[in-house]
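Asker: Would you mind keeping the following structure in view while I ask a few things?
The values are calculated or read from the model by the stated rules, or taken from the named source; none is laboratory data. If you're wondering where the values come from, they're calculated on a predicted model, not measured in any experiment. FYI the Cβ positions are ideal-geometry reconstructions off the backbone, even for glycines, and counts take in every protein chain you see. Protein only, heavy atoms only, side chains kept; ligands, DNA and RNA dropped before computing areas. Shrake-Rupley method; radii C 1.70, N 1.55, O 1.52, S 1.80 Å.
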Amino acid sequence: MAGLDQKHKRIKVCPILKDNGEVMIREREIQYDTLVLSVGGITNDFGTPGVQKNCIFLNTPADAEYLRKEILLHAFRVVTGNSEISKLRIGIVGGGATGVELAAEIHHTVCELRNYGANLFPDQLQITIMEGAKRILGGGPESLSRFATSELNSRNIEVKTNCCILSVSPDGFKLNDGTLLPAEIKIWTAGVKAPDWLSTIGLSVNQLNQIKVNEQLQTVEDKSIMALGDCAQCPDITNSGKYLAATAQVAHQQAEWLAKKIEARLTNRIIKPFQFQPKGILVSLGEATAVGSLAALVGPKRDYYVEGRAAKLLYASLYRMHQAVLYGWTRATLLWIGDHLRRVAMPQLKLH
């Protein structure tokens with residue numbers, strides 16, 4: 001999207017290019033009656049010096065593939081003695097669900113390398129999670145954070161809270177206490193903001209480039225333009241003056257509500273404003289462990305959580321439910337069967 005003409009209800013779309021830069025489809029304009037902006041978000045580096053140059057982000061599948069290769073490369077350098085130090089040091093900024101799950105999965109992956117002949121011992125793996133708040137998984141109850149921290153510590157994953165990053169260099173992270181936390185692999189998962197170009201199309205945005213919308217998900221300037229998900233600043237009507245967090249759970253409920261809203265608008269009906277219903281949180285902690293709060297079952301006011309294999313089963317079930325929403329239960333069931341067959345036939349790690 002290259003521009004927005006609110007007066008004539010048109011959007012300008014950028015040209016589509018081949019990999020070599022040749023134009024496949026020229027820049028064009030599209031007329032609309034109702035415009036929905038759901039362009040998602042990107043990682044927020046908060047203007048921290050050195051982050052863009054030295055850190056790996058997880059905004060796209062290509063980012064994840066690059067990270068996988070970097071971990072394998074550095075691990076084998078340590079094993080073969082081609083590294084200046086005999087440790088694999090990984091720093092992860094952000095103690096939300098993404099950072100916690102990533103740390104646990106990296107630990108599992110590196111441990112699995114021993115099955116492929118890599119003599120990388122547990123004391124050679126050093127993973128550190130750095131979180132600016134007083135605890136990780138701040139969106140859940142404290143009991144959930146305590147269990148997750150304990151599980152991570154049991155795997156020699158260090159959790160640093162109340163930890164601010166002043167800058168990032170090729171050598172590691174400079175912390176607010178003046179120390180340098182060395183790391184060969186530096187990953188940034190802290191914070192979300194909307195793409196910068198949203199601030200250039202004439203709609204009101206906040207400091208994170210999120211489009212300001214009302215409880216009907218309509219923009220301030222034009223009721224025919226709506227926004228949802230990470231690119232929207234949506235008020236929480238149950239908590240005056242507060243706004244909803246940029247999470248997949250919020251975006252999913254907004255999408256379902258907005259579909260009904262558009263249908264009601266076409267038939268001149270009025271529906272209630274969007275109200276987020278928290279369903280709890282589930283976080284994977286590796287191959288056979290997870291932790292989560294079950295607000296969807298016991299209500300958002302109660303502090304009840306599940307841990308261990310039971311939570312992992314719920315986590316896997318939630319993933320399959322997402323597939324069912326996208327593909328229907330028949331295809332989701334076939335995908336589940338296919339995943340199990342691949343797990344039997346294929347190695348756990350992709351080494352190339």
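Asker: Using a basic spin-label model with each label point 7 Å from the Cα along Cα→Cβ, how many nm lie between residue 60 and residue 200?
Answerer: About 1.8 nm separates the two model spin labels.
Asker: Stokes-Einstein diffusion coefficient for region 135-283 at 25 °C in a medium of 0.890 mPa s, Rh from the Kirkwood formula over Cα pairs: what value in µm²/s?
Answerer: Diffusion coefficient, whole number: 133 µm²/s.
Asker: So, with +1 on the Cβ of K and R and -1 on the Cβ of D and E, and no other charges, what is the size of the charge dipole of the chain about its Cα centre, to the nearest 20 debye?
Answerer: About 740 debye.
Asker: Can you find, among 86, 276, 162, the residue farthest towards the positive end of the dipole of the chain? Put +1 on the C-beta of Lys and Arg, -1 on that of Asp and Glu.
Answerer: Ranked along the dipole, the leading option is 276.
Asker: To the nearest Å, what is the center-to-center distance of region 262-286 and region 70-135, using C-alpha atoms only?
Answerer: Value for the Cα centre distance between the two parts: 38 Å.
Asker: Regarding the chain, what's the average projected area of the Cα-atom convex hull, expressed in nm²?
Answerer: So the mean shadow area of the Cα hull is 21.6 nm².
Asker: Just the number, please: carbon plus sulfur as a percent of the accessible area of region 1-108, 1.4 Å probe, no ligands or DNA/RNA counted.
Answerer: Here it works out to 52 percent.
Asker: Additional query: Leaving out same-chain residues fewer than 8 places away, which lysines sit with a Cα under 17 Å from that of residue 279?
Answerer: Leaving aside lysines fewer than 8 places away in the same chain, those within reach of residue 279 are 301, 312.
Asker: Loop only by DSSP, 16 or fewer other Cβ within 10 Å of the Cβ. Give me the GluC sites (Glu not before Pro) in region 68-153 that pass, ordered by residue number.
Answerer: Here the GluC sites (Glu not before Pro) that fit, given the DSSP loop and packing criteria, are 84.
Asker: Suppose all protein chains stay in the model; what accessible area per residue would a 1.4 Å probe give for the chain, in Å²?
Answerer: The answer is 57 Å² per residue.
Asker: Cut-off under 19 Å on the C-alpha distance; same-chain residues fewer than 8 positions from residue 186 excluded. Which lysines are left, in chain and number order?
Answerer: The reachable lysines, counting only those whose Cα sits under 19 Å from residue 186, are 53, 69, 87, 160, 174.
Asker: So if a site counts as exposed when it's one of the trypsin sites (Lys or Arg not before Pro), its DSSP state isn't H, G, I, E or B, and it has at most 13 other Cβ atoms within 10 Å, what's the longest stretch of the chain without one?
Answerer: 27-133
Asker: How big is the dipole moment of region 131-214 about its Cα centre under a simple scheme where the beta carbon of each Lys and Arg is +1, that of each Asp and Glu is -1, and everything else is neutral? Debye, nearest 20, please.
Answerer: Using only the charged Cβ atoms, the result is roughly 220 debye.
Asker: Along Cα→Cβ, 7 Å out, is where each label goes; now give me the distance between the ones at residue 341 and residue 239 in nm to one decimal.
Answerer: 4.6
Asker: Once the piece of chain linking residue 85 and residue 30 is laid out straight, how much longer is it, given 0.36 nm per residue of separation minus the C-alpha distance between them?
Answerer: Between residue 85 and residue 30, full extension yields an extra 14.2 nm.
Asker: Okay, next question. Using only C-alpha atoms and all pairs of different ones, pull out the Kirkwood radius for region 120-220 in Å with one decimal.
Answerer: Final number for the Kirkwood radius of region 120-220 is 16.7 Å.
Asker: Compute the semi-axes of the equivalent ellipsoid of region 1-126, taking the square root of 5 times each eigenvalue of the Cα gyration tensor, and list them largest first in whole Å.
Answerer: 43, 17, 13
Asker: Taking 1 over the mean of 1/r across every pair of different Cα atoms in region 224-274, what Kirkwood radius in Å do you get?
Answerer: 11.8
Asker: With a cap of 15 neighbouring Cβ atoms within 10 Å, and only residues DSSP puts in a loop, list the GluC sites (Glu not before Pro) found in region 173-261.
Answerer: Counting only loop positions with at most 15 other Cβ atoms within 10 Å, the GluC sites (Glu not before Pro) in region 173-261 are 215, 221.
Asker: Two-decimal Rg/Rh of region 180-254 from alpha-carbon positions, Kirkwood Rh?
Answerer: 1.10
Asker: If each DSSP helix of 4+ residues adds -39,500 (n - 2.57) and the sum is divided by the residues in the chain, what number results at 222 nm, nearest 500 deg cm²/dmol?
Answerer: -10500 deg cm²/dmol
Asker: Next question. Output the Cα-based Rg and Dmax of region 205-248 in Å, rounding Rg to one decimal and Dmax to a whole number.
Answerer: In order Rg, Dmax, the Cα atoms of region 205-248 give 9.8, 26 Å.
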